[in-house]
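Take a look at the structure set out below.
The values are calculated or read from the model by the stated rules, or taken from the named source; none is laboratory data. Everything quoted here is computed from the prediction, not taken from an experiment. Ideal geometry is used to build each Cβ from the backbone, glycine not excepted, and the neighbour counts take in all protein chains shown.
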């Protein structure tokens, strides 16, 4: 399945294409804005020259055989805007090859490419920014060989089979999430899939909703949660096959089926927020995570000891929660700060 999807993506961008954006206006649906007319479901639509050209805008239903935004011959950043309609059919590439810079901004509508590839080739840069609407593909690849970024602040972005954030050696994938929903509970994501790849996911708000999350397979992966919710029906997997995985919990809630460290370097550091794990009896599961603290996989405020990590079973909800408490000196400083504020209020 993976090879087939990637082959389809490369085939789409290797074709010379049928119609190229000429930028005499901004309306995607105006024939005069294309050298060979408005793209159809069998055409390769190319937006490959930036500079002084106007950026196309999709406001109504549109289609393509393949979509390419930003190639090696561009004169600047190539931008595609979408504020309505249903748009899709074949594979979509945002940032294709070395020197190619592509960007897509989505504020409404439904975007349905077969494969979404953000930052395909080595040296390419692709960015997708979504504030609303729904992006739905067979697979999302954020940084295949190049640099790919997904900025999600609203709406929903999900896929049928799998997603990857940082795929091949030298790739860099980044997900900045401040809102919206990423993923669905029938599949998951591979973070930093191959050796030499790098991936980062920052969750400040919104929801990650998946079956499983692979935070680092063979590459280097960083997961940061400062708010929102991470909801996994199965495992939060770290360093699955020898990668380097670091997760930082600064806030929010992570509801996960399990925390599963692999064969590489795995570390979860908790300061604020909490992990919540299903647990029907409160005997076995707490001991598993206590051992992870002892092994330095789970830390509280950077400390690998049970005086900084609280593992507690709730018999009413049949869950075990993992939280952290600061060292005594930090608690004292926080208390002193509170007294100073109280004295200022009294004055």
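Might you let me know whether region 70-78 holds any residue that is touching a strand residue (DSSP E or B) at 6+ places or on another chain (Cβ under 6 Å), modelled with pLDDT of 95 or more and under 24 Å from residue 134 (Cβ atoms)? Spell out the reasoning first.
Going through region 70-78, the residues touching a strand residue (DSSP E or B) at 6+ places or on another chain (Cβ under 6 Å) turn out to be 70, 77-78.
Next cut, modelled with pLDDT of 95 or more only: none.
No, every residue in region 70-78 fails to be touching a strand residue (DSSP E or B) at 6+ places or on another chain (Cβ under 6 Å), modelled with pLDDT of 95 or more and under 24 Å from residue 134 (Cβ atoms).
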Completion exercise
Here the residues within region 167-199 that are over 18 Å from residue 210 (Cα atoms) and either over 10 Å from the mean Cα position of the chain (by Cα) or assigned to a loop (DSSP other than H, G, I, E, B) (or both) are 167, 168, 169, 170, 171, 172, 194, 195, 196, 197, 198
Problem - Residue within region 325-338 that is modelled with pLDDT of 95 or more and within 16 Å of residue 249 (Cβ to Cβ) present - result: no
Exercise for the section: Sort out which residues of region 239-275 are outside any loop (DSSP other than H, G, I, E, B) and closer than 17 Å to residue 219 by Cβ, and write them in order of number. Expected result: 244, 245, 246, 247, 261, 265, 266, 267
Problem - Filter result for residue 221 (out of contact with any helix residue (DSSP H, G or I) (no Cβ under 9 Å at 6 or more places or on another chain), part of a strand (DSSP E or B) and touching a residue at least 40 places away in the same chain (Cβ under 8 Å)) - result: yes
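Among the residues of region 18-62, write down those that are assigned to a loop (DSSP other than H, G, I, E, B) and over 22 Å from residue 86 (Cβ atoms). Show your work before the answer.
Start the filter on region 18-62 by keeping residues that are assigned to a loop (DSSP other than H, G, I, E, B), which leaves 18, 22-26, 28-30, 35-43, 48-56, 59-61.
Result: 22, 23, 24, 35, 36, 48, 49, 50, 51, 52, 53, 54.
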Practice task
Sort out which residues of region 91-116 are surrounded by fewer than 24 Cβ atoms within 10 Å (Cβ to Cβ), in contact with a helix residue (DSSP H, G or I) (Cβ under 9 Å, 6 or more places away or on another chain) and farther than 15 Å from residue 136 by Cα, and write them in order of number.
Solution key: 97
Practice task
Scan (1) under 17 Å from residue 135 (Cα atoms); (2) touching a helix residue (DSSP H, G or I) at 6+ places or on another chain (Cβ under 7 Å); (3) modelled with pLDDT under 95 for the single condition residue 88 breaks and write down its number.
Solution key: (2)
Problem - Test: residue in region 305-316 that is within 26 Å of residue 192 (Cα to Cα) and either part of a strand (DSSP E or B) or touching a strand residue (DSSP E or B) at 6+ places or on another chain (Cβ under 8 Å) (or both) - result: no
Problem - Within region 284-304, considering residues that are surrounded by fewer than 19 Cβ atoms within 10 Å (Cβ to Cβ) and free of Cβ contacts under 8 Å to residues at least 24 places away in the same chain, the one farthest from residue 249 (Cα to Cα) - result: 284
Handout entry: Matching residues in region 203-218 - criterion: being assigned to a loop (DSSP other than H, G, I, E, B) and more than 15 Å from residue 176 (Cα to Cα)
Key = 211, 216, 217, 218
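State yes or no: is residue 259 in contact with a helix residue (DSSP H, G or I) (Cβ under 8 Å, 6 or more places away or on another chain), crowded, with 22+ Cβ neighbours inside 10 Å and more than 25 Å from residue 128 (Cα to Cα)?
Numbers: in contact with a helix residue (DSSP H, G or I) (Cβ under 8 Å, 6 or more places away or on another chain): yes; crowded, with 22+ Cβ neighbours inside 10 Å: yes; more than 25 Å from residue 128 (Cα to Cα): yes.
It is true that residue 259 is in contact with a helix residue (DSSP H, G or I) (Cβ under 8 Å, 6 or more places away or on another chain), crowded, with 22+ Cβ neighbours inside 10 Å and more than 25 Å from residue 128 (Cα to Cα).
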Problem - In region 317-327, the residues that are in contact with a helix residue (DSSP H, G or I) (Cβ under 9 Å, 6 or more places away or on another chain) and either outside any strand (DSSP E or B) or free of Cβ contacts under 8 Å to residues at least 12 places away in the same chain (or both) - result: 325, 326
